[in-house]
Amino acid sequence: QVQLQESGPGLVKPSQTLSLTCTVSGDSITTNSVYWSWIRQSPEKGLEWIGYRNPSGGLYYNPSLWSRASISLDTSKNQFALQLNSVTPEDTAVYYCTRGTTGAAFFLSWGQGTQVTVSP
C-alpha cells in the first residue's frame, strides 16, 4: 500500500521559506502517470491545491502561488518536497502531500498532514 508522510518544521518565520518533505513508500517517485501534489487546508481558505509534479515532466502550480512555490522530486530518496518562499501568516495551514493518477484518482492517497504555522 502507498504511504505518504509529511515532515518539516512546524513553525516558520515570516519572509522565510517553508520547506516540507513527503516520504513515499509503496511506490516509486519515478512511476510514470503518477502525480505528486501538495495541498493545504486552513480555516480561512479551506482546501487549496498548491501544485504537482510528475516524473514524466508534468508540472502545475496554483496561479495564486506559482511565483512562490516549488515542488521537486528526489528520486534517490523516493521523496518529493515543497518549498514556499516569502511566507506570511496567511500561509499557516495543515499541509498534505498526495499521490494520484489521472481523473478521479488524482488525489487518491494522502499523508496525515502536518501543521505549519507562520509566526514571528
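The values are calculated or read from the model by the stated rules, or taken from the named source; none is laboratory data. This one's a predicted model, so the numbers in the text were calculated from it and none came from an experiment. No Cβ is skipped: glycine too gets one built from the backbone with ideal geometry, and neighbour counts run over all protein chains shown. Side chains are part of the model used for accessible areas, which takes the heavy atoms of the whole protein and leaves out ligands, DNA and RNA. Shrake-Rupley method; radii C 1.70, N 1.55, O 1.52, S 1.80 Å.
Just reorder Arg40, Arg53 by solvent-accessible area, largest first, 1.4 Å probe, all chains present.
Ranked from most to least accessible, the order is Arg53, Arg40.
Mind computing the radius of gyration and Dmax over the alpha-carbon atoms of the range 1-52? Å is fine for both.
13.4, 38
Taking a quarter of the surface of the Cα convex hull of the chain, what do you get in nm²?
Mean orientational projected area (the chain, Cα hull): 6.9 nm².
According to a simple spin-label model (label point 7 Å from Cα along Cα-to-Cβ), what is the distance in nm between Gln1 and Thr88?
In this crude label model, Thr88 to Gln1 measures out at 4.0 nm.
Per residue, how many Å² of accessible area does the chain show with a 1.4 Å probe?
Per residue, the chain has 51 Å² of solvent-accessible surface.
May I ask you to rank Ser37, Ser119, Ser64 by accessible area, largest first, using a 1.4 Å probe over the protein chains only?
Largest accessible area first, the residues go Ser64, Ser119, Ser37.
Starting from the Cα gyration tensor of the range 52-112, multiply each eigenvalue by 5, take the square root, and state the resulting semi-axes largest first in whole Å.
20, 14, 13
Within the accessible area of the chain, what % is carbon and sulfur when the probe is 1.4 Å and the other protein chains stay in place?
Taking all protein chains in place, the chain shows 49 percent carbon and sulfur surface.
Check each of the GluC sites (Glu not before Pro) in the range 1-96 and keep only those in coil by DSSP with at most 15 other C-beta atoms within 10 angstrom; list them in order.
Filter output for the range 1-96: Glu44.
To the nearest 0.05, what FRET efficiency results for Gln41 and Ser76 with a Förster distance of 25 Å applied to their C-beta separation?
0.25
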